[in-house]
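In what follows, a structure is listed as structure tokens, so that the remarks can point back to it.
Please treat every number below as a calculation from the coordinates, not as lab data. Remember, it's a predicted structure, so these values are computed and weren't measured experimentally. Heads up, the Cβs are rebuilt from the backbone with ideal geometry, glycines too, and the neighbour counts pull from every protein chain shown.
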Amino acid sequence: MTTSFDEQGIRQAITFYAEGMRTGDVAALKRGFHEQAILCGYLGDDLIAGPIAELYDWVGANPAPAATGDPFSCETLAIEMTGRIATAKVRESDHHGVVIDHFHLLKVGERWSIVSKLWDAEP
């Protein structure tokens, strides 16, 4: 596969994440993540860590920015690939503030999936 095809697959996984977060669509989130994905990061000084199901539960239990009118943006800052693994750096902004996400992705077959989401407030 070509690098641009792989980059498109990586960007698609990130788009599933962004749309799921923006709209509250847990099914979209699930299309972006590997079933065994994990998350770990900070919301203020609180450390949040766990399996990806915790993100699905949180999104399902809280009103989405698209429903509340709260601002939301997700901008890909960088993508690095090495064979069938990749890292994407993303700036995400919502009513909590601005964070930098580091997504680790894995290519299985022809599909890219997020296997981990790490984040902290933008310095």
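Among Leu29, Leu43, which comes first, then next, by fewest other beta-carbon atoms within 10 Å? The partial results should precede the final answer.
Values: Leu29 23, Leu43 13.
Fewest-to-most ranking of Leu29, Leu43: Leu43, Leu29.
Sum -39500 (n - 2.57) across every DSSP H segment of at least 4 residues in the chain, then divide by the residue count to get the 222 nm mean residue ellipticity, nearest 500.
-10000 deg cm²/dmol
Taking amide H atoms as placed 1.01 Å from N in the peptide plane, the amide H of Asp70 has no partner under 5 Å among residues 5 or more positions away or on other chains.
The H on the amide N of His34, modeled in the peptide plane, is under 5 Å from the matching H of Ile114, Val115, each at least 5 residues off or on a different chain.
Placing unit charges on C-beta atoms (Lys and Arg positive, Asp and Glu negative, everything else neutral), compute the dipole magnitude of the chain about its Cα centre in debye, rounded to 20.
Numbers: 10 positive and 18 negative charges, 97 e Å.
Roughly 460 debye for the chain.
Which residue, chosen from Ala66, Met81, Leu47, occupies the Cα position most advanced towards the positive end of the dipole of the chain, where the dipole is computed from +1 (Lys, Arg) and -1 (Asp, Glu) charges on Cβ about the Cα centre? Result: Met81. For the range 19-117, trypsin sites (Lys or Arg not before Pro) meeting the loop criterion (DSSP other than H, G, I, E, B) and having at most 14 other Cβ atoms within 10 Å: Arg84.
Amide H contacts of Asp120: Tyr42, Ile100, each under 5 Å away and 5 or more positions distant or on a separate chain (H built 1.01 Å from N in the peptide plane; Pro and chain starts excluded). Karplus-derived 3J(HN,Hα) values for the range 102-119, using 6.51 cos²θ - 1.76 cosθ + 1.60 with θ = phi - 60°, are 10, 9, 9, 10, 10, 9, 10, x, 9, 10, 8, 9, 6, 9, 8, 10, 10, 8 Hz; glycine and proline are entered as x. The distance separating the Cα centre of the range 42-94 from that of the range 1-36 comes to 11 Å.
Shown here: Rg/Rh (Cα atoms, Kirkwood Rh), derived from the displayed model; of the candidates [x] 0.95; [y] 1.04; [z] 1.36, it corresponds to [x]. Candidate cross-link partners of Lys30 among the lysines, defined by an alpha-carbon separation under 19 Å and a same-chain spacing of 8 or more, comprise Lys107, Lys117.
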